[in-house]
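Before any comments, here is the structure.
The values are calculated or read from the model by the stated rules, or taken from the named source; none is laboratory data. As the structure is a prediction and not an experimental result, all values here were calculated from the model. No Cβ is skipped: glycine too gets one built from the backbone with ideal geometry, and neighbour counts run over all protein chains shown. Surface accessibility is based on the protein's heavy atoms, side chains included, excluding ligands, DNA and RNA. Shrake-Rupley method; radii C 1.70, N 1.55, O 1.52, S 1.80 Å.
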Amino acid sequence: MSMNVVELIELFRGYPPEFRVVVDGYEEGYDDLSPEQLSVARISLDTGKSSWQGKHGEAVDLAGTPSDAVKFVNALVLRRTSR
C-alpha cells in the first residue's frame, strides 16, 4: 500500500495536535523527527529484490533494464537520523 501527502495529512488529522512525532531508532527506541530529515527524492518503483532492501530504490541508471520497465516518481522521504 502506498500513501501520498494528502492521505498523510488526513491521517494526521485523526491524532491530537500535541502528539510528538518520532521515527524508529536504528536498532531500538525512538528518535525525534525534525524538518531536516524531510527531503524529496526521485525513486524507482518496485526495484528492491532482496529481503533486506526497501521495496523501492534510488533513481539511478539501472544498467540492462529497459527504460519502460522502471517507473520513476518523486517522493517525500522521512530519513532516520544517524549517530
Name the pairs whose Cβ atoms lie under 8 Å apart, with the first residue in the range 1-19 and touching a residue at least 24 places away in the same chain (Cβ under 8 Å), the second of a type outside the set (Asp, Glu), and 6 or more positions between them or separate chains? Val5/Leu76
Within the range 20-33, restricting to residues that are free of Cβ contacts under 8 Å to residues at least 12 places away in the same chain and open to solvent by less than 100 Å² (accessible area, probe 1.4 Å), the one that is nearest to the chain's Cα centre (by Cα) is Val22
So which pairs qualify, if the first residue must be in the range 34-45 and free of Cβ contacts under 8 Å to residues at least 60 places away in the same chain, the second must be of a type in the set (D, E, K, R) and assigned to a strand (DSSP E or B), the Cβ gap must be under 9 Å, and the two must be at least 6 apart or on different chains? Gln37/Asp31; Ala41/Glu58; Arg42/Glu58; Ile43/Glu58; Ser44/Glu58
